[in-house]
Every structure is written in C-alpha cells, then in structure tokens.
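None of the figures in this text is laboratory data; all of them are computed from the coordinates on show. Source: prediction; values computed, not measured. Methodologically, a virtual Cβ is constructed for each residue, glycine included, from the backbone with ideal geometry; neighbour enumeration extends over all protein chains shown.
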Amino acid sequence: MSVDRWLVALDIDGTVMHEDGVIAPAIVSEAQRLAGVGHEVMLATGRSAASALPVLERLGITPEYVVCSNGAITMKRDAAAPMGYRREYVESFDPSSVLQTVRSHLGEARFAVEDETGFYRYTEPFPDATIGTNSAHVTFDELLGHPATRVVVISPDHDMEDFLEVVERMGLRRVSYAIGWTAWLDISPDGVNKATALERVRHALDIPRSRVMAIGDGRNDIDMLEWASAEGRGVAMGQSPDELLAVASEITGAVETDGAARTLASL
C-alpha cells in the first residue's frame, strides 16, 4: 500500500451528475487524474448496479469496487463478468412486513423492490435511473415474499414536510432508511448503508481511515459523510439538506458549479 493512497467515494446524482444527466468535463478529468496516480476513486450510490456501472464508463475509471443500492450490493472488478464487475457482497431482507406497513400509511405510493440479482419489481413507473431496464411491472402483492436488497417508495401526493411526518409515524424497525429530496423513501436491510459497505471496502484495500474522502448531497449520504468525517474528509455538496451539512467536515460548491471537481482538485 502506498502511504499516499486515498479511498475517494463519490455519490452520483447531485454530486458528479447534474439533474439533466450531464457529467462535467472537470469531474471526468479530476477523477481520471486521481485514479491515474493510484488513488481508489469509486462510486457509492443508491442506484442499482445496472444503472451505476455505465457511469464508471462515462468517468473513464475502473475502480476495484463499486457500492450500489445504498450499500446493500458491492461490486468487485472482474474482467470475466458482464460489464466487468461481479457481485462481491450482497445484503438482503424480507420486505413483506415493511411494505405492508408503508402501504397502510401511504396508500397511493409507488413501490419498487430490488432483489439480489439486481432485478426490480415495481407497481408504477419510476425514473429510469432508479430501476433501469432489468425490471417488471407487477401488482403490490407480487412484491411480497422476494428477498430484497432495496425498497424504494415514492409518494407524489405528499409535500416534503407532510412526508417526513408520515415516515416518523410509521416507526420503521429492523430496517435502515433514508429520505430523499422529494417524497422518496429508500429502505435497506437493518444496519446497512453506504458507510458500512465503504468500511468493508476500505479494510479490503488496506487504506487507513485518515485517507478516506466521501462526497455526497442527499440524506442517504449522512452515514457515509459521518464515517468519512470521523478521521478523513466528509464533503457535502453546496445544495445539500441541513441534515447532511451538519455531519460534513467540509462543504463544497453546488452540483451546478461542479463543486465535486473543486474538491477532487484539492487532493
């Protein structure tokens, strides 16, 4: 291990990628520069592997690991595998109880469940970046009973404040969850998040805690930035919600001004 090597974990949406899907040349250039001198520059995202791996191609980097599905799936580079990566670690749970709980509070919500293979079952259309093409439209009852790595809930009829109150009333137990920018709920196996997956990656790569950097912008990045800030650099994008800004050790510019590129340039 080089004493100078860093583990750099990048969120995708709202961090390296603009809302319209654009990745600025400055981000690509800095990611490639850091990877080129030996740092481990990787993605840590809520996206499924199928929608995360193409972003690596756009960035032009091939890290050893990629954290997907908010930490429930960690991919490892493998030239013989489809798209060059195989599933190395998979965390799953039975989503039946939590799905029924959420539905009892959010009757008009849209649901999607990702299984261990990366296949999504969904009740209503979702943004393509969430579930990709490896998916099927099903009834709510067909979501039950399949081991899940991730459950996604969208409630278009709620504004953010009302949604937060409903989630609080649900009293979700035995799962981990994060609330998105809008009325969006990500549910993972208990105790699983981006930070738990990244700590496993850090240990496998033998990189010290003092040389980790994580950059993110959403509530599902809170654990990741707390983990990175403890001894390294936890960087919140400028447009991040207050809850994320509170746990970050650094704040950079908003995604519209390519703040992530500015932070990468400092390494």
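Worth a mention:
- Tail fraction, Cα-Cα pairs, region 96-189, threshold 16 Å, whole percent: 50 percent
- Of the trypsin sites (Lys or Arg not before Pro) found in region 81-176, those in coil by DSSP whose Cβ has at most 10 other Cβ atoms within 10 Å are 173.
- Counting only DSSP beta bridges with both residues in the chain, the antiparallel share comes to about 60 percent.
- Degrees separating the helix 49-59 axis from the principal Cα axis of the chain, which is the longest one: 30 degrees
- In the chain, the calculated helix contribution to ellipticity at 222 nm averages -9000 deg cm²/dmol per residue, counting -39,500 (n - 2.57) for every DSSP H run with n ≥ 4.
- Within the shell of other residues whose beta carbon sits under 11 angstrom from the beta carbon of residue 240, the net charge comes to -4, with Lys and Arg scored +1 and Asp and Glu -1.
- In degrees, nearest ten, helix 160-170 long axis to first principal axis of the chain (Cα): 70 degrees
- Over the chain: Kirkwood hydrodynamic radius from C-alpha pairwise inverse distances, Å: 18.5 Å
- Radius 14 Å from Cβ of residue 194, net charge of other residues (Lys, Arg +1; Asp, Glu -1): -4
- Inter-label distance, nm, simple model (7 Å from Cα along the C-beta direction), residue 199/residue 267: 2.0 nm
- Against the main long axis of the alpha-carbon atoms of the chain, helix 194-205 sits at an angle near 40°.
- Cα centroid separation, region 39-90 to region 94-111 (Å): 29 Å
- Estimated FRET transfer efficiency when R0 is 22 angstrom, pair residue 79-residue 29 (beta carbons, to 0.05): 0.30
- Other residues within the sphere of radius under 12 Å centred on the Cβ of residue 210, judged by their own Cβ, net out at +3 (K and R +1, D and E -1).
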